[in-house]
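What follows is a short report on a single structure.
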Amino acid sequence: MSLAAPALELDDLHVAYTVRGVDRAVLRGVTLAIAAGESYGLVGESGCGKSTAAFALMRYLPRNGKITGGSIRIAGEELMGLSADGVRRLRATQVSMVYQDPGAALNPSMRVGDQVAEVFAVAGTSGGDARERSREMLARVQISDPDRVLRRYPHQLSGGMQQRVVIAMALASDPTLLILDEPTTGLDATVEAEVLDLVANLRAELGTSVLFISHNLAVIRKMCERVGVLYAGRLVEEGPAEAVFGDPRHPYTVGLLRCIPRGGLRKDEHRLDTIPGFLPQLGEVPGGCVFADRCGLVREVCREHEPPLYPVGPGRTSRCHFHAEAQSLPRTAAPQADAAFREPDGVPVVRAENVAKTFRHEGHDVRAVDALSVAVRAGETLGLVGESGSGKTTFARVLLGLTPPDDGSVIELDGRLLADRITKRDPEEVRALQIVFQNPDSALNRRFTVRRIIGRALTKLLGTRGAERDTRVRALADAVRLDAALLHSRPGQLSGGLKQRVAIARAFAGEPRLVVCDEPTSALDVSVQAAILNLLADLQRDRGVTYLFISHDLGVVRYLSDRIAVLYLGRLLELGPAEAVFEPPHHPYTEALLSAVPTLEGEERPRIRLAGEIPGHSEPPSGCVFHPRCPRKLGEVCELEEPPLAEVTPGRFLRCHIPLEDLRRLQAQLPQGKTTS
Amino acid sequence: MIIFAAAQILPGDVGRAILGPFADQRAVDQLNEELGTNRSVVVQYADWIGGILRGDLGDSYAFRRPVEDLVWPALQNSAKLALLAFVIVVPVAILGGVVAALGEGRFRDRVISIGGLSATAIPEFVWAVFLIIVFALWLDVLPVSAQAPDGAGVLTQARYLLLPALALVFVLFGYIARMARAGTIEALDADYARTAYLKGLPRRTVLRRHVLRNSLLPTIAVVATQVGYLFGGLVVIELIFNYHGIGELLYRAVQRQDFPLIQSTVLLIGIVYLLATLAADILYSLLNPRIRLAHEE
């Protein structure tokens, strides 16, 4: 630790929200310190108090929130009891914050330049000086044309660019402490990687201390020196990132890490672990250990006496009476999947040939999907990956008949041609193709009970009514492990994971042949995600259903998929067995995608940087669509000629001019995606 | 077309309405002949449309003068009244809405929200009568009639118009304040307002630069649609205050079944409404960079 005062010291911090007149504790006695120049990660599932901690130390709690005890010191200065002016000065000079969704964090009706300049104005620099320094700041966050960006409005910038601007604003005051609250959640993998690199570089350059909050453990692992694990408002484990993730000493940390599909885990080898039960209700104070109700190692003493923070190694603590045994936490699922998956038999359920979709947008043709041909085989999971704008969702919508494709597109179900629009398809065809959306909140009618939601699907798809319908609703609820008692509740009363189960039950009501899963777990916590992935795998094993699985999380896609298709600007760049796609040689784009994802093991992999941003659809690049950003571009041939989608090994297709052997040789020099846990 | 049809459907005989119930039937017929009101509806319609396209609104049956001479001064008078009402209500209502939003859920919010809603719910003629009783009769500080003597200066005119304008202010306050309140609450909740606070900006600056700029956009649209109301809905107010505006003119025209005058006034009110809405849309898109710059990359 350096001689300077710690950037942040929280001492026994208590924060409560007043709900209906009653104070409910959200943070209960959190003590932690971040040294000058240090980067500290705070992890935990939603509702554990991470963001509350961040806003408490910005002194920006919602009106019903208040700090009920403890102290906060930033650069040695006590925040408690600071006047409104003092708080403002503190925000202007000592501490800055960046949070999720940069698009919302910027004022839509002010030019970027004016927004950045404000930070300098607060510090007393205005006019031309502020402008000049804004320009420097944008250049510092690697915006190549700062003058142009300064004149723009936020909506004219891409998500990654917006987040750079927000980071520039946060660092403009040269703060002692920078708080990053889920700064890359919702950004594409390659963009996320860029932003993380940028933060790491700036931190090295400016010596700013960082409090990094994320639900993504791998991101924390990559970015932070030390981590604290927060559960129900208590810090349950703390220590150097490498040690905590490599050798966790609290059952909660152990459980969290086991939930994550990583290191090439696959559905047919390994069920994912989950953390049973739920987070205690807000303000509910268990007598003993906060985690006791969900812990597989719980004993009598845990319910009676809350464990103190035991020292468990150099700079490490764990709030567990049995920290030495934490890793023997019993698994909730047999590591070995019990029954075998049916071998996909190679007969396509759905075959898409030459599917294209062109949108007309402000006088331009936008090719969302371009001549895509792919067959989804019965019983398999086809993973669809690619950054936003790659056409994944549009393709899924075309299959479902929600978006009519361009003329010449062919979609077949079991070898029979399907009509363009769902309204022209017969009931059996509609039943055969179903979807599970990312956000169950908006996919379920919140006025209906769960019974009615599932029942309606049965009536609409199968014409089931009366007692028969009731029996089937129960059977479906049972199949998605939804307690029958919950059938009477409405979506608003259910947690995100339970809602997603209802959505899955709805999709399965008509005994579908193929279910499109469009980012079904992106909005969920890792432990809930694990449970949903297990459920999807179980349903596939039991019913032989086929999935088209869309996700930006490559670990998740790898876990569930048999084959993977990589899309870029509406073009299929790579298609092959999941394992093969993750092993070199890959298409250069796939290679870049894989290298962008941080791993829990924290191994340093050389990052393949992509130049520029995804080009607009209205003017797709000539030749290979990927050539303007391709780090392995050969030369003119890539600009002029589009490579064919060639079968390089049986079942493996690549759209690249570089011969497979050359790709193998080039990529062998870098240790790739191969991870072991 | 609709205006024309509606005017024609009105029951009664034009000549009879003008000459009164005791006039000789022959005189009535002759008057109808002169006015052309005994011709078929289709011919009359063609005549009217033709006139409008030539910029000729026709002659008033009842006043025996070109409609133009009657309509324009009335429109100007109404515009004066509307302008005064606007100048008062817009800042007051926006301020009220913003103050309510800043104290969301607190006492002052309740007072402004409920008060505004109640004021809006009470019809304008009730307000008019109430205001007349209080200010003109009891306190005797303002004139009952809104019609200033000919040649009066701007201030005198404004003094005369104050009471009817206030009645309108009461009615409009609720609408505008509610929009301003809703917009401000939304903007206060937005992430960008949080960003601004966390930059360490003083509250005043945050409100002015970040909150109001965004919250008042939807309010502007509502304000502009009320312009239409101010021109079309003034019949009662103008009557009560005996003010020669377009509403009052319309009332008199309807009373006398003066078709050309009815048609022209209603048409004008429609046009004003249309222009106001158009102006609102244009203003909204000018103020909102997301629409203004939608076509730049």
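For the stretch A:451-485, the set of residues classified as part of a loop (DSSP other than H, G, I, E, B) and of a type in the set (A, V, I, L, M) consists of A:V480, A:L482, listed by residue number. I'd like to check something: does the stretch A:281-289 contain any residue that is within 14 Å of chain B (Cβ to nearest Cβ), more than 29 Å from the chain's Cα centre (by Cα) and part of a loop (DSSP other than H, G, I, E, B)? No, the conditions are met nowhere in the stretch A:281-289. Within the stretch A:458-487, residues that are touching a residue at least 40 places away in the same chain (Cβ under 8 Å) reach partners that are of a type in the set (F, W, Y) and surrounded by 16 or more Cβ atoms within 10 Å (Cβ to Cβ) with beta carbons closer than 9 Å, at six or more positions or on different chains, in the pairs A:A479/A:F508; A:V480/A:F508.
Residues satisfying the criterion are present in the stretch B:175-196 (criterion: more than 14 Å from every other protein chain (Cβ to nearest Cβ), more than 28 Å from A:V166 (Cβ to Cβ), part of a helix (DSSP H, G or I) and within 17 Å of the chain's Cα centre (by Cα)). Taking the condition surrounded by fewer than 18 Cβ atoms within 10 Å (Cβ to Cβ), at pLDDT 85 or above, over 26 Å from B:L278 (Cβ atoms) and of a type outside the set (F, W, Y), does B:P149 pass? Judged against the criteria, B:P149 is not a match.
Go through the residues of the stretch B:146-161 one by one and say whether even a single one is more than 17 Å from the chain's Cα centre (by Cα) and within 14 Å of chain A (Cβ to nearest Cβ). No, the stretch B:146-161 contains no residue that is more than 17 Å from the chain's Cα centre (by Cα) and within 14 Å of chain A (Cβ to nearest Cβ).
Restricting the search to helices (runs of 4 or more DSSP H) fully inside the stretch B:235-297 and requiring at least 2 residues that are without any contact (Cβ under 8 Å) to a residue 24 or more places away in the chain, within 14 Å of chain A (Cβ to nearest Cβ) and more than 19 Å from the chain's Cα centre (by Cα) gives B:259-287, B:289-292. Picking from residues in the stretch A:129-146 that are within 14 Å of chain B (Cβ to nearest Cβ) and either hydrophobic (A, V, I, L, M, F, W, C) or in contact (Cβ under 8 Å) with a residue 60 or more places away in the chain (or both), the one that is nearest to A:S158 (Cα to Cα) is A:M137. When A:V366, A:V312, A:V349 are checked against the criterion of being at pLDDT 90 or above and within 30 Å of the chain's Cα centre (by Cα), A:V349 stands alone in meeting it.
Those residues that are farther than 14 Å from A:L567 by Cβ and either without any contact (Cβ under 8 Å) to a residue 60 or more places away in the chain or buried (at least 23 other Cβ atoms within 10 Å of the Cβ) (or both), I need them from the stretch A:398-417; list them, please. Scanning the stretch A:398-417 gives A:G401, A:L402, A:T403, A:P404, A:P405, A:D406, A:D407, A:G408, A:S409, A:V410, A:R416, A:L417. Per the listing B:L155, B:L84, B:L131, B:L75, the residue uniquely more than 30 Å from A:P62 (Cα to Cα) and either part of a loop (DSSP other than H, G, I, E, B) or at pLDDT below 80 (or both) is B:L155.
Determine if the stretch A:120-128 includes at least one residue that is under 22 Å from B:L188 (Cα atoms), at the interface with chain B (Cβ under 9 Å from one of its Cβ atoms) and β-branched (V, I, T). Yes: one or more hits. Quick one: is A:V112 of a type in the set (V, I, T) and facing chain B (nearest Cβ under 8 Å)? No; evaluated as a whole, the condition is false for this residue.
Do you know which residues across the stretch A:645-658 are surrounded by fewer than 13 Cβ atoms within 10 Å (Cβ to Cβ) and not in a strand (DSSP E or B)? Those that are surrounded by fewer than 13 Cβ atoms within 10 Å (Cβ to Cβ) and not in a strand (DSSP E or B): A:P650, A:G651.
Against the condition assigned by TED's automatic domain parsing to the domain that holds A:I213, surrounded by 18 or more Cβ atoms within 10 Å (Cβ to Cβ) and in a helix (DSSP H, G or I), how does A:A117 come out, does it pass?
It is false that A:A117 is assigned by TED's automatic domain parsing to the domain that holds A:I213, surrounded by 18 or more Cβ atoms within 10 Å (Cβ to Cβ) and in a helix (DSSP H, G or I).
Of all residues assigned to the stretch A:429-450, none qualifies as being part of a strand (DSSP E or B), of a type in the set (D, E, K, R) and under 25 Å from A:V355 (Cβ atoms). One residue stands out among those in the stretch A:164-174 that are more than 10 Å from chain B (Cβ to nearest Cβ) and either assigned to a loop (DSSP other than H, G, I, E, B) or among the β-branched types (V, I, T) (or both): the one that is farthest from A:E194 (Cα to Cα), which is A:D174.
Scan the stretch A:438-462 for residues that are of a type in the set (S, T, Y) and either closer than 18 Å to A:D483 by Cα or modelled with pLDDT of 90 or more (or both) and jot them down.
Matches in the stretch A:438-462: A:T449, A:T459.
Residues in the stretch A:69-109 that are in a loop (DSSP other than H, G, I, E, B), more than 7 Å from chain B (Cβ to nearest Cβ) and either in contact (Cβ under 8 Å) with a residue 24 or more places away in the chain or under 33 Å from the mean Cα position of the chain (by Cα) (or both): A:A75, A:G76, A:Q94, A:Q100.
Restricting the search to strands (runs of 3 or more DSSP E) fully inside the stretch A:540-592 and requiring at least 1 residues that are touching a Phe, Trp or Tyr at 6+ places or on another chain (Cβ under 8 Å) gives A:563-568, A:571-577. For A:R342, the test of being touching a helix residue (DSSP H, G or I) at 6+ places or on another chain (Cβ under 8 Å), among the charged types (D, E, K, R) and farther than 30 Å from A:E192 by Cα is passed.
The values are calculated or read from the model by the stated rules, or taken from the named source; none is laboratory data. Because the structure is a prediction, the values reported are computed rather than measured. Note that each Cβ is placed from the backbone with ideal geometry, even for glycine, and that neighbours are counted across all protein chains shown.
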